[in-house]
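Step one of this worksheet: look at the structure below.
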Amino acid sequence: MIATEVDHYQEQHARSQDSQSDSAPSWLTDLRRRAIEAFARLGIPTRRIEDWRFTNVSSLANRSYELASTTFSSSDRAAELVDRARLSDEYHRLVFVNGHYAAQWSSDHKLPGGLVIDNLANAIRERSADVERQLARHANFDDAAFIALNTAFASDGAFIDVAENVAVESPIHLVFLSTADAATVCYPRNLIRLGKNSRATLIETYLGGEGEAYFTNAVTEVELAESADLDHYKLQHEQIGALHIAMTQLDQKADSRFREHYFSFGAALSRNEMSCLLDGERIETTLNGLYMPTGDQVMDCRTRIDHAKPNCNSYEMYKGILDDRAKGIFNGKIFVHQDAQKTDAKQSNQALLLSDDAVVNTKPQLEIYADDVRCTHGATIGELDETALYYLRSRGIPAGLARKMLIFAFANDIVQGVDVSEVRQHLESILLSSHGLPDV
Amino acid sequence: MLEIKNLHARSEDTEILRGIDLHVGAGEVHAIMGPNGSGKSTLAHVIAGREDYEVTAGEILYNGKDLLDLEIEERAAEGVFLAYQYPVEISGVSNKYFLKAAMNAIRKHRGEPLMSRKDFVELLKQNLEKLGMDKSMMDRSVNEGFSGGEKKRNEILQMAMLQPRLAVLDETDSGLDIDALKIVADGVNALRSPDRAIIVVTHYQRLLDYIVPDKVHVLAGGKIVRSGDKSLALELEEKGYSFLQEIASV
């Protein structure tokens, strides 16, 4: 069965290569060919593979998704989605519809010198050498089926380049919309590079409409030079029937700072892998996440931090709120390599189960090869605190509101860690509508 | 106001209350004293509605209504207030939000107009001053990281804000130094009025120097074994609780 499904993606690959054969540079055609070969060798992961033991992706990934066409049929629907995804008109915004850049909804306000905000398709045409240098530089596909698959089809996404000493004041908002007109697959590929001593805020929103179930397979490669500073947000609001598989590969140099804020709400099955290489001294890396599956949703959150050099700090806090029959998976790997003395790594994962049928599998995984380090990890799985509920109710607060208050409180420290006010308000409004608090 | 008749309650398999009869009239302050494990706290929580206890017999009438038929929050909305011996810490919920949510939930239940932010802030400020509390505590999570004394004051603050008709204070004096004790007692005394009743549960007579009760009941072995006026508290202080054990075991 797997073979036939791999065949499906391979045929699709062959067709797409034919149609693009005139335009794509030969290095890219070659990269895509190696990637599809790697994918054919790896196949769609089964639960026999340790890293996929709790996540059964095959039934969704084995559907025959068609490659989304560059034209989309319903622009009303896309316009409505753009509106829903909008956080602020002040932001630099790149909109992609079914994986393809949509200029009419994108806006790049006056860009400071030294800042490139482009779509990858255009960058491949206009700065092929730059793209060649970066594409697949950090996201290795030899052992990762979905990175291989994405690379095999890599053609569009965001291309962001911030030059040395440039501070980008407005957030850069990447919006990936799926109109869900048909059962399609799209492969956003984002290349982000921050030069020395530069600073930026990047937001990725994934949002889908009602309709056919679709598949988003995204890869983002991020490179931070010395003393660069990036806040990265990801808001996952895929359609409830969708499959969302995304990898972010981060490469950090000395004195750089990276803060990730991942918020997962949508998709039937979502898997988000965040992998960070701390390849320099005095780096600070923060990974925060909040996932809130309900119904039959499955949310798989995976992080990997490689401490390769001394004197770096990493902080990680993931929280899950699971209701109904939802399933959550958290896997947090921390590797402290032999050279990485004086590493300080903290990891915490907390899950709140609101129903007897909700399940969470949590697995911290620390491998430490240096001797002078501080690594801590903690995982808690619990239900709402009955004593706290009683206390709130005994002050007259109805049971329903008391529950909401405790759920909101659980999520609140992750939300309050969000510095961008529009994003924080967006998240608060979601918490308010689903598990949130009325203004009392 | 409060009429408890033949109240029996247990926690899991242990019978704790074994036939309590108690009548507290409007305007009265009653003290319930007794040794550890006599059932004082259980009685307080059964009145508030804690679900860990099962009432196996008897009834609690409150202004003619059967309190046992009401949900926890309904009891609070009807004016029942329990000041906890061990106030609960709630991380991530600010004191201010909590208080306002409570006040307006109760108002809503009673069909009264909700309190405006401005009126709330003004009332809160007055009460904070009376209790010698810093307003910065209102932005902190409910009871989180509060000292023992701060938690008790926070209970009295809630009581002052919610203006209950029946207040039950469960060992409010424990862990308080004498200055804090006076402040707490002032807060309770300020609530005394002809249409309110107050039950003070305590192990020691000390608090009753500041909150002078109309009646004192001694609870032992899950029953009220003696009732009297405030002099009974002094007698207990003098003789200790040991002589009661004999009465209870009869």
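The values are calculated or read from the model by the stated rules, or taken from the named source; none is laboratory data. These figures come from a predicted structure and were not determined experimentally. Methodologically, a virtual Cβ is constructed for each residue, glycine included, from the backbone with ideal geometry; neighbour enumeration extends over all protein chains shown.
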Filter the stretch B:1-11 down to residues that are part of a strand (DSSP E or B) and of a type in the set (A, V, I, L, M, F, W, C) and give me whichever is nearest to B:G37 (Cα to Cα).
-> B:A9
Identify, from the list B:V80, B:V88, B:V93, the residue that is of a type in the set (V, I, T), within 10 Å of A:G396 (Cβ to Cβ) and within 12 Å of chain A (Cβ to nearest Cβ).
-> B:V80
Can you name the residue in the stretch B:96-106 that is within 18 Å of the chain's Cα centre (by Cα) and within 7 Å of chain A (Cβ to nearest Cβ) and is also nearest to B:K125 (Cα to Cα) among such residues?
-> B:A102
Among the numbered criteria (1) modelled with pLDDT of 95 or more; (2) part of a strand (DSSP E or B), which single criterion is violated by B:L124?
-> (2)
Within the stretch B:146-159, restricting attention to residues that are in contact (Cβ under 8 Å) with a residue 12 or more places away in the chain and away from chain A (no Cβ under 14 Å), which residue is surrounded by the most Cβ atoms within 10 Å (Cβ to Cβ)?
-> B:K152
Residue count, the stretch B:56-77 (criterion: away from every other protein chain (no Cβ under 14 Å) and not polar (S, T, N, Q)) | 11
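Tell me the residue from A:A370, A:A411, A:A388 that is touching a Leu at 6+ places or on another chain (Cβ under 8 Å) and at pLDDT 95 or above, please.
A:A388
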Only unsatisfied item for B:K118, checking (1) of a type in the set (D, E, K, R); (2) more than 9 Å from chain A (Cβ to nearest Cβ); (3) touching a Gly at 6+ places or on another chain (Cβ under 8 Å), is (3)
Only one residue in B:D186, B:D209 is over 20 Å from B:G240 (Cα atoms) and surrounded by fewer than 22 Cβ atoms within 10 Å (Cβ to Cβ). Which one?
-> B:D186
Is one or more of the residues making up the stretch A:102-111 assigned to a helix (DSSP H, G or I), under 23 Å from A:R271 (Cα atoms) and within 23 Å of the chain's Cα centre (by Cα)?
-> no
B:E51 vs (1) modelled with pLDDT under 95; (2) away from chain A (no Cβ under 14 Å): all pass except (2)
Does A:F96 satisfy the condition of being of a type in the set (F, W, Y), within 20 Å of A:H232 (Cβ to Cβ), under 17 Å from the mean Cα position of the chain (by Cα) and part of a strand (DSSP E or B)?
-> yes
Residue that is nearest to the other protein chains (Cβ to nearest Cβ) [pool: residues in the stretch A:391-406 that are at pLDDT below 95 and closer than 16 Å to B:E144 by Cβ] = A:M405
Segments classed as strands (runs of 3 or more DSSP E), wholly inside the stretch A:165-248, with at least 3 members that are within 15 Å of the chain's Cα centre (by Cα) = A:172-178, A:189-194, A:199-208, A:215-224, A:229-237
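Report, by residue number, each residue of the stretch A:178-211 that is over 22 Å from A:Q249 (Cα atoms) and crowded, with 18+ Cβ neighbours inside 10 Å.
A:S178, A:T179, A:A180, A:D181, A:T184, A:G208, A:G209
For the stretch B:70-91, give me the residue count where each residue is surrounded by 19 or more Cβ atoms within 10 Å (Cβ to Cβ) and either touching a Gly at 6+ places or on another chain (Cβ under 6 Å) or of a type in the set (D, E, K, R) (or both).
As a first pass, look at the stretch B:70-91 and keep what is surrounded by 19 or more Cβ atoms within 10 Å (Cβ to Cβ): B:72-73, B:75-85, B:87, B:90.
Within this subset, residues satisfying the condition of being either touching a Gly at 6+ places or on another chain (Cβ under 6 Å) or of a type in the set (D, E, K, R) (or both) are B:72-73, B:75-78.
Qualifying residue count, the stretch B:70-91: 6.
For (1) of a type in the set (A, V, I, L, M, F, W, C); (2) not in a helix (DSSP H, G or I), each residue gets a yes or a no:
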residue: B:G145; (1), (2): no, yes
residue: B:D179; (1), (2): no, no
residue: B:L232; (1), (2): yes, no
residue: B:E238; (1), (2): no, no
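If I ask for residues that are without any contact (Cβ under 8 Å) to a residue 60 or more places away in the chain, part of a loop (DSSP other than H, G, I, E, B) and touching a strand residue (DSSP E or B) at 6+ places or on another chain (Cβ under 6 Å), which ones from the stretch A:280-292 would you list?
Result: A:I283, single match.
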Being more than 14 Å from chain A (Cβ to nearest Cβ), part of a helix (DSSP H, G or I) and either over 17 Å from B:F81 (Cβ atoms) or touching a helix residue (DSSP H, G or I) at 6+ places or on another chain (Cβ under 6 Å) (or both), is that true of even one residue in the stretch B:160-176?
-> no
Inspect the stretch A:49-56 for any residue being under 30 Å from A:K110 (Cα atoms), free of Cβ contacts under 8 Å to residues at least 24 places away in the same chain and among the acidic types (D, E) and give the result as yes or no.
-> no
Given the conditions (1) under 28 Å from A:L31 (Cα atoms); (2) hydrophobic (A, V, I, L, M, F, W, C); (3) surrounded by fewer than 24 Cβ atoms within 10 Å (Cβ to Cβ), and given that A:L224 satisfies all but one, which numbered condition is not satisfied?
-> (3)
Elements of type strands (runs of 3 or more DSSP E) in the stretch A:319-400, at least 1 residues being among the β-branched types (V, I, T) | A:327-336, A:359-368, A:374-382
